[in-house]
Amino acid sequence: MKDDAILRRLQELGESEYRELLEVYCGMGALKSAIKEMHDGYLADGAPPEFDRVEAIHILVDELYAGLERFIRPECDPDSAYEPIRLEK
């Protein structure tokens, strides 16, 4: 019975990692598209991008970084993790 619980927990962790990776991948795709549009627009008109576009990209980058930091930082620095996530010693 305990083995089933461990296997279930491992599966949940794997699914959680996959969902986080998928979310970041999709966000990076949106970021890539936004930067490409801004780049192509600049090459076409020679005018700098509107502040709203730059701000949207800035916000997207902040969100992507925060998501990755929440996910990766506990792996790199277990002492920074919240209590329930800390690794058993």
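The values are calculated or read from the model by the stated rules, or taken from the named source; none is laboratory data. None of the values given here were measured: they were computed from a predicted structure. Cβ coordinates were reconstructed from backbone atoms using ideal geometry, including for glycine residues, and neighbour counts include every protein chain displayed.
Here is a check on your reading of the model: is MET38 in contact with a Pro (Cβ under 7 Å, 6 or more places away or on another chain), assigned to a helix (DSSP H, G or I) and either surrounded by 10 or more Cβ atoms within 10 Å (Cβ to Cβ) or charged (D, E, K, R) (or both)?
Values: in contact with a Pro (Cβ under 7 Å, 6 or more places away or on another chain): yes; assigned to a helix (DSSP H, G or I): yes; either surrounded by 10 or more Cβ atoms within 10 Å (Cβ to Cβ) or charged (D, E, K, R) (or both): yes.
Yes.
With the structure loaded, tell me whether SER33 is under 21 Å from the mean Cα position of the chain (by Cα) and surrounded by 11 or more Cβ atoms within 10 Å (Cβ to Cβ) or whether it fails that test.
Numbers: under 21 Å from the mean Cα position of the chain (by Cα): yes; surrounded by 11 or more Cβ atoms within 10 Å (Cβ to Cβ): no.
No: the conditions fail for SER33.
Do you know which residues across the stretch 41-89 are modelled with pLDDT under 90 and touching a Pro at 6+ places or on another chain (Cβ under 7 Å)?
Answer for the stretch 41-89, where residues must be modelled with pLDDT under 90 and touching a Pro at 6+ places or on another chain (Cβ under 7 Å): SER80, ALA81, ILE85, ARG86, LEU87.
Here is a list of conditions, (1) within 12 Å of the chain's Cα centre (by Cα); (2) at pLDDT below 85, and TYR25 meets all of them except one; can you say which number that is?
Among (1) within 12 Å of the chain's Cα centre (by Cα); (2) at pLDDT below 85, the lone unmet condition for TYR25 is (2).
Would you check if there is a residue in the stretch 38-58 being closer than 17 Å to ILE72 by Cα, of a type outside the set (Val, Ile, Thr) and under 25 Å from the mean Cα position of the chain (by Cα)?
no
Anything in the stretch 1-36 that is of a type outside the set (Lys, Arg), free of Cβ contacts under 8 Å to residues at least 24 places away in the same chain and under 17 Å from HIS58 (Cβ atoms)? List them, or say none.
SER33, ILE35 - these are the residues of the stretch 1-36 that are of a type outside the set (Lys, Arg), free of Cβ contacts under 8 Å to residues at least 24 places away in the same chain and under 17 Å from HIS58 (Cβ atoms).
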